[in-house]
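Novice: Below you will find the structure I want to go over with you.
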Amino acid sequence: MSPNLKRPRKILNPPLVKGFKPYGPALSQGRDAIMMHFEEYEALRLCDYDMLNHHDASQEMGVSRPTFTRIYASARKKIARAFVEGKQITLEGGKVYFDSDWYHCLDCGCYFNNPEMSLPVTDCPLCGHNSFTRAMPTSPLDSEEISTGDYCICPGCGKEIEHIPGIPCNAEYCPVCQTRMRRKGNPS
Amino acid sequence: MKIAITSRGNTPDALLDQRFGRCNYFVVHDSQTGSIEYIPNPGKVLEEGAGPAAVELLSSRKVMMIISGEFGIKIKPILDSLNVQLIIIKDRERTVGGIIQMLNHKKL
């Protein structure tokens, strides 16, 4: 079996700064900063700032719960190393994509997004009116789903459904014969 | 700020093209100078990757807002990381001239 490709991680709020610097004597400034990926920053933000549990946070980022825990553990390890060794942290890289939410203007009927994710939306960019709602996932958002190419298969009747990251296959039941599902292509 | 609108033709009366990557023309409007430029879409005939090609064309012109009827799945993450504002208009009867007028009217 070929190794699994890294699934892109969804980042809702990119960090406001590019990194962190220590101060005081015994500085090791400029030399070997610790690189922290955007996905690790996002994991830390979801878990310790927004106080989500690992399961909910993993679904926000579009990865499985174990993967999320690995990203989160790596983030904490890097921060601890930077603190103890007095190193800089630079926030960069990682396999990520930035996603912004859609809004729906009630006046002109258009849909728009908010590219400056850290700033709140005040008015419609097209008509300037300030009456809008968060677009429901049924509107333009439904084309946003990223297919992972993974399928859950029913061992009983062979029915296949698309695998949703974060939900183990054996927690899904076959819509036809109610048997527990299994990951397609997995021999066990 | 430069604003791109997907258009079916190269006149102000042309209708908004509902497709982003495969529209006939891009109308690039500069809200500071008021200039309007019609660019034929070179990516229209591409078999695949018309969307990313269009993004490249528009980002080379420093467009910060794109108005179209629809954006493909490949496009949204690229444009999000470029900080480009996207606007979707589902109404098929809108003309390019009308949209530009609406944008200019907003500032007053």
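The values are calculated or read from the model by the stated rules, or taken from the named source; none is laboratory data. In this text, all values refer to a predicted model and were calculated from it rather than measured experimentally. Quick reminder, even Gly has a Cβ in these numbers, built from the backbone with ideal geometry, and neighbours come from all protein chains shown. For the accessible areas, the whole protein counts, side chains as well, though only heavy atoms, and no ligand, DNA or RNA atoms are used. Shrake-Rupley method; radii C 1.70, N 1.55, O 1.52, S 1.80 Å.
Novice: Filter the range B:8-30 for residues that are farther than 14 Å from B:Glu70 by Cβ, open to solvent by less than 30 Å² (accessible area, probe 1.4 Å) and not hydrophobic (A, V, I, L, M, F, W, C) and give the result.
Specialist: B:Gly9, B:His29, B:Asp30
Novice: Same structure, new question: Among the residues of the range A:66-75, how many are farther than 16 Å from A:His163 by Cβ and surrounded by fewer than 20 Cβ atoms within 10 Å (Cβ to Cβ)?
Specialist: 4
Novice: Related question: Which one of A:Lys6, A:Lys10, A:Lys18 is open to solvent by 80 Å² or more (accessible area, probe 1.4 Å), at pLDDT below 85 and within 13 Å of A:Val96 (Cβ to Cβ)?
Specialist: Details: A:Lys10 fails: open to solvent by 80 Å² or more (accessible area, probe 1.4 Å); A:Lys18 fails: within 13 Å of A:Val96 (Cβ to Cβ).
After ruling out the rest, the residue left standing is A:Lys6.
Novice: Which residues, taken from the range B:40-56, are touching a strand residue (DSSP E or B) at 6+ places or on another chain (Cβ under 7 Å) and surrounded by fewer than 16 Cβ atoms within 10 Å (Cβ to Cβ)? Write out each step before concluding.
Specialist: So in the range B:40-56, the residues touching a strand residue (DSSP E or B) at 6+ places or on another chain (Cβ under 7 Å) come out as B:40-41.
Of everything in the range B:40-56, just one residue is touching a strand residue (DSSP E or B) at 6+ places or on another chain (Cβ under 7 Å) and surrounded by fewer than 16 Cβ atoms within 10 Å (Cβ to Cβ), namely B:Pro40.
Novice: For the range A:30-65, which residues satisfy the criterion of being of a type in the set (Asp, Glu) and buried (at least 17 other Cβ atoms within 10 Å of the Cβ)? Quick ask: steps written out before the conclusion?
Specialist: Step one: of the range A:30-65, the residues of a type in the set (Asp, Glu) are A:32, A:39-40, A:42, A:48, A:50, A:56, A:60.
Within the range A:30-65, A:Glu39, A:Glu40, A:Glu42, A:Glu60 meet the criteria.
Novice: Which of the residues that make up the range B:60-108 are more than 8 Å from chain A (Cβ to nearest Cβ), outside any helix (DSSP H, G or I) and either open to solvent by less than 70 Å² (accessible area, probe 1.4 Å) or basic (Lys, Arg) (or both)?
Specialist: B:Arg61, B:Lys62, B:Val63, B:Ile66, B:Ser68, B:Gly69, B:Lys74, B:Arg92, B:Arg94, B:Thr95, listed by residue number.
Novice: Go through the range A:87-121 and count every residue that is more than 14 Å from chain B (Cβ to nearest Cβ), crowded, with 16+ Cβ neighbours inside 10 Å and at pLDDT below 85.
Specialist: So the answer is 0.
Novice: Return the total of residues in the range B:26-57 being within 14 Å of another protein chain (Cβ to nearest Cβ) and either of a type in the set (Val, Ile, Thr) or not in a strand (DSSP E or B) (or both). Let's see the steps before the verdict.
Specialist: The first filter runs over the range B:26-57 and keeps only residues within 14 Å of another protein chain (Cβ to nearest Cβ), leaving B:29, B:31, B:51-52, B:55.
Adding the requirement that they be either of a type in the set (Val, Ile, Thr) or not in a strand (DSSP E or B) (or both) leaves B:31, B:51-52, B:55.
Total meeting the criteria: 4.
Novice: I would also like to ask the following. What pairs come up if the first residue lies in the range B:40-65 and is more than 13 Å from B:Val27 (Cβ to Cβ), the second is basic (Lys, Arg), and their beta carbons are under 7 Å apart, counting only those six or more places apart or on different chains?
Specialist: The qualifying pairs are B:Lys44/B:Arg22; B:Ala50/B:Arg22; B:Ala50/B:Lys44; B:Gly51/B:Lys74; B:Pro52/B:Lys74; B:Lys62/B:Lys2; B:Met64/B:Lys2.
Novice: Among the residues of the range A:136-150, are any crowded, with 18+ Cβ neighbours inside 10 Å and modelled with pLDDT under 80?
Specialist: Looking only at the range A:136-150, we keep the residues that are crowded, with 18+ Cβ neighbours inside 10 Å, and these are A:140.
Cutting the leftovers down to modelled with pLDDT under 80 gives us A:140.
Yes, because at least one residue in the range A:136-150 is crowded, with 18+ Cβ neighbours inside 10 Å and modelled with pLDDT under 80.
Novice: Same structure, new question: All but one of (1) out of contact with any helix residue (DSSP H, G or I) (no Cβ under 6 Å at 6 or more places or on another chain); (2) touching a residue at least 24 places away in the same chain (Cβ under 8 Å) hold for B:Gln85, so report the exception by its number.
Specialist: Just one mismatch for B:Gln85, condition (2).
Novice: For the range A:53-80, name all the residues that are at pLDDT below 90 and in contact with an Asp or Glu (Cβ under 7 Å, 6 or more places away or on another chain).
Specialist: A:Met61
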